[in-house]
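Novice: One structure is given below, represented as structure tokens, and several questions about it will come after.
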Amino acid sequence: MIRSIPVRFHRALRLMLAVLCLVGICAPAWGQFETRATHTLPPGAWSVASGDFNGDGKLDLVVLDDGGFSVSLGNGDGTFQKPTFYPTQLSYSLAVADFNNDGNLDIVVANENLSPSTVSVYLGNGDGTFRSPIDSNTTNYNEFVAVGDFNGDGKMDIVVVENPYISVLWGNGDGTFQAPSDNDSFVGAQNVAVGDFNNDHKVDVVVVGFFGGSQNIGVLLGNGDPRCRTRLPPLSPGRLSRLPPVTSTEMEIWTRLYRMTEMVSQFFWARATEVFIQRLHTVLPGARGDPS
């Protein structure tokens, strides 16, 4: 029996119940996807990004494979036109942004080479085609790349994983980048993404990889400059096991909530089925098996 549960907790449970009921009714419809088409690509595709490369309001695709990237213009119905291939150096990651502020989307590729180590920017012409690459040097061979304006100057910058470093390169606004600022806080990072994770309006960096003795997530909080020196402790699956255990009372609450949600969801589905059958009998009299 549940005793001495605060009124506000009951209110929270009722609100959660309403939300879960709505999700239980609508989720099957939301979870359905229609297979529109398959799109043949060269073997060894590693990275994919989307953007409107020709300005027609339809999303296009760029896919990176072993020998280069392929741009497929979208038809606006989930299908794509025949891809146009652009050769690159050995690379496994790309990203899309407007690096020269001309209103056309460009593509940056992280090259996995050492003589020298570079990233390449392919400036877009606005018609779905791209110019010859512009190379900028990095410190080591590059594995992954992500895009963000780390210093708030309106020019797109990049962050690359080039072990043992996570490096930020300021954009010059013309498709080139300044010298990298290297950070070795998370040696062994394997992928990277960006976002404002502490709501200070500065772009931060999150990486995943094997560091600190296990598979971890690492966050570098941005300072508004290329250093990203503020490091948060890595979050590993092992830390999750140290959360407080669930009490028997809490378990009873969640069990009852689940059962109530299930019953309400079944009721709504049964009622919806009944209404559907009634409507079907109205428009199709013979659906009951009547001779009429």
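The values are calculated or read from the model by the stated rules, or taken from the named source; none is laboratory data. What you see is a predicted model; the values in this text were computed from it and never measured. All Cβ positions, even for glycine, are placed from backbone atoms using ideal geometry, and neighbour counts span all protein chains on display. With ligands, DNA and RNA removed, areas are computed over all heavy atoms of the protein, side chains included. Shrake-Rupley method; radii C 1.70, N 1.55, O 1.52, S 1.80 Å.
Novice: Within segment 92-120, which residues are open to solvent by less than 20 Å² (accessible area, probe 1.4 Å) and under 16 Å from S167 (Cβ atoms)?
Specialist: Of segment 92-120, the ones open to solvent by less than 20 Å² (accessible area, probe 1.4 Å) are 93-95, 97, 99, 106-111, 117-120.
S93, A95, V108, V109, A110, N111, S117, T118, V119, S120 - these are the residues of segment 92-120 that are open to solvent by less than 20 Å² (accessible area, probe 1.4 Å) and under 16 Å from S167 (Cβ atoms).
Novice: Could you check how many residues of segment 185-205 are at negative phi, surrounded by 13 or more Cβ atoms within 10 Å (Cβ to Cβ), assigned to a loop (DSSP other than H, G, I, E, B) and not polar (S, T, N, Q)?
Specialist: Result for segment 185-205: 6.
Novice: Let me ask you something else. May I ask you to verify whether A189 is of a type in the set (A, V, I, L, M, F, W, C) and over 20 Å from the mean Cα position of the chain (by Cα)? Please lay out each step first, then the result.
Specialist: Numbers: of a type in the set (A, V, I, L, M, F, W, C): yes; over 20 Å from the mean Cα position of the chain (by Cα): no.
Spelling it out, it is not the case that A189 is of a type in the set (A, V, I, L, M, F, W, C) and over 20 Å from the mean Cα position of the chain (by Cα).
For (1) at pLDDT 90 or above; (2) in contact with a Leu (Cβ under 7 Å, 6 or more places away or on another chain), each residue gets a yes or a no:
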{"residue": "Q190", "(1), (2)": "no, no"}
{"residue": "N199", "(1), (2)": "yes, no"}
{"residue": "V203", "(1), (2)": "yes, no"}
{"residue": "V207", "(1), (2)": "yes, no"}
{"residue": "G222", "(1), (2)": "no, no"}
{"residue": "R231", "(1), (2)": "no, yes"}
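Novice: Which residues, counting only those in segment 125-138, are open to solvent by less than 70 Å² (accessible area, probe 1.4 Å), part of a loop (DSSP other than H, G, I, E, B) and touching a Leu at 6+ places or on another chain (Cβ under 8 Å)?
Specialist: Result: G128, T138.
Novice: Is it the case that segment 139-161 has a residue that's part of a loop (DSSP other than H, G, I, E, B), open to solvent by 40 Å² or more (accessible area, probe 1.4 Å), farther than 29 Å from G209 by Cβ and basic (K, R)?
Specialist: no
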